[in-house]
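J.: First the structure, which I've put down as structure tokens, then a few questions once you've had a look.
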């Protein structure tokens, strides 16, 4: 007798195959969606990076246009009377002046033409924040810049109008108003040193690391890489570098003929710690006749910080820079008169060759973001980058001496 297959078996096989087909379609659909979203994320991230590079290029162009000429002066915004306070987020802006002391511009996106503040309606963005200097304090102020819209030509969704695809921002820091941690040859004069009243504080830890591992410092490519150096007592932690960021750089150089010597110092700064470093450098200079006591170094550094931010400072115009080292001597003579020991003439004999009234090394930090095309209030991606820029002896017709990028790196939000 012939056996018949169970009734409905073909239907079960059909349903199983159909279920497998549906699962395959769903898996393919999910894979396609994930791939599409990944691709779209990549597009947003690429656009954010392009906007950050745009900001970097604009900043470099402004630096070349305004500070390329030998007759231009640079300095920090503290010279205009901005006191060292945690809330003063424009004190470390870099300003440019003509050699007669008249103001030119601030090298920051969205800045007002003459006042160290953002233009009305320009949103503020911190480009130097906790990841760079830690919590805001009087010696570690955060630094802001203005976010500028990046438009494109009209789109199908907005005929006749520009569409905002994202924002960008940049801030330029004057590295010449800081002490160089490493001064490779050629050196202008006795290399600058770091003053530390207490061995265990941030300046002391950095000073000890640089002294102990001087042979390895030449291998460091950026200020941030100094954290790779150990110290005699403890690790040179990122927080130590954060505490020193506003008054210490890896190396700043000055154009001098066909050379780029290190060991220079721009006197147009209101950083107490930078001034203490300068006075301590006098103590170590071969031409020093009388050493300054530690208490004097500390007190005079604070005096110089505060004195350069007031209207009645001898040797400089109100809200302006020193236009020459001779003008700076006028101020120095009020602190170290000819009858004092050391006198201003003794200090200038030892340190005069390293002093300048402009800088040739700068740090540009830039930001870019990408907005959602359907919802302009939603930021899809952000990008940060940073470049160290050096003025060179080479000329650029009509724009003074040429600036070149000597190092570049992408940053994450935690680095800011």
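The values are calculated or read from the model by the stated rules, or taken from the named source; none is laboratory data. Keep in mind that what you see is a predicted model, and the values were worked out from it rather than measured. FYI the Cβ positions are ideal-geometry reconstructions off the backbone, even for glycines, and counts take in every protein chain you see.
J.: Would you pick out the residues in the stretch 222-248 that are modelled with pLDDT of 90 or more and not in a helix (DSSP H, G or I)?
T.: 222, 245, 246, 247, 248
J.: Let me ask something additional. Restricting to the stretch 322-375, and then to whatever is surrounded by fewer than 19 Cβ atoms within 10 Å (Cβ to Cβ) and in contact with a strand residue (DSSP E or B) (Cβ under 6 Å, 6 or more places away or on another chain), can you tell me which residue is farthest from residue 168 (Cα to Cα)?
T.: Of everything passing the filter in the stretch 322-375, 325 is farthest from residue 168 (Cα to Cα).
J.: Another one. Being within 14 Å of residue 277 (Cα to Cα) and without any contact (Cβ under 8 Å) to a residue 24 or more places away in the chain is the filter; apply it to the stretch 181-211 and report the residue that is farthest from the chain's Cα centre (by Cα).
T.: 198
J.: Considering the stretch 281-319 alone, what residues qualify as being within 25 Å of the chain's Cα centre (by Cα) and at pLDDT 90 or above?
T.: Across the stretch 281-319, the qualifying residues are 281, 301, 302, 304, 305.
J.: How many residues does the stretch 337-355 hold that are farther than 16 Å from residue 324 by Cβ, within 36 Å of the chain's Cα centre (by Cα), in contact (Cβ under 8 Å) with a residue 12 or more places away in the chain and not in a helix (DSSP H, G or I)?
T.: 1
J.: It is to be established whether one or more residues within the stretch 255-262 are without any contact (Cβ under 8 Å) to a residue 24 or more places away in the chain, surrounded by 19 or more Cβ atoms within 10 Å (Cβ to Cβ) and not in a loop (DSSP other than H, G, I, E, B). Walk me through it before giving the result.
T.: Looking only at the stretch 255-262, we keep the residues that are without any contact (Cβ under 8 Å) to a residue 24 or more places away in the chain, and these are none.
Among the residues of the stretch 255-262, not one is without any contact (Cβ under 8 Å) to a residue 24 or more places away in the chain, surrounded by 19 or more Cβ atoms within 10 Å (Cβ to Cβ) and not in a loop (DSSP other than H, G, I, E, B), which makes the answer no.
J.: In addition: When you look at residue 89, is it closer than 20 Å to residue 382 by Cβ and touching a residue at least 40 places away in the same chain (Cβ under 8 Å), yes or no? Spell out the reasoning first.
T.: Values: closer than 20 Å to residue 382 by Cβ: yes; touching a residue at least 40 places away in the same chain (Cβ under 8 Å): yes.
Criteria met by residue 89.
J.: State which residue is modelled with the highest pLDDT when the search covers only the stretch 179-194 and only residues that are out of contact with any helix residue (DSSP H, G or I) (no Cβ under 6 Å at 6 or more places or on another chain) and buried (at least 22 other Cβ atoms within 10 Å of the Cβ).
T.: Taking the candidates together, the pick is 180.
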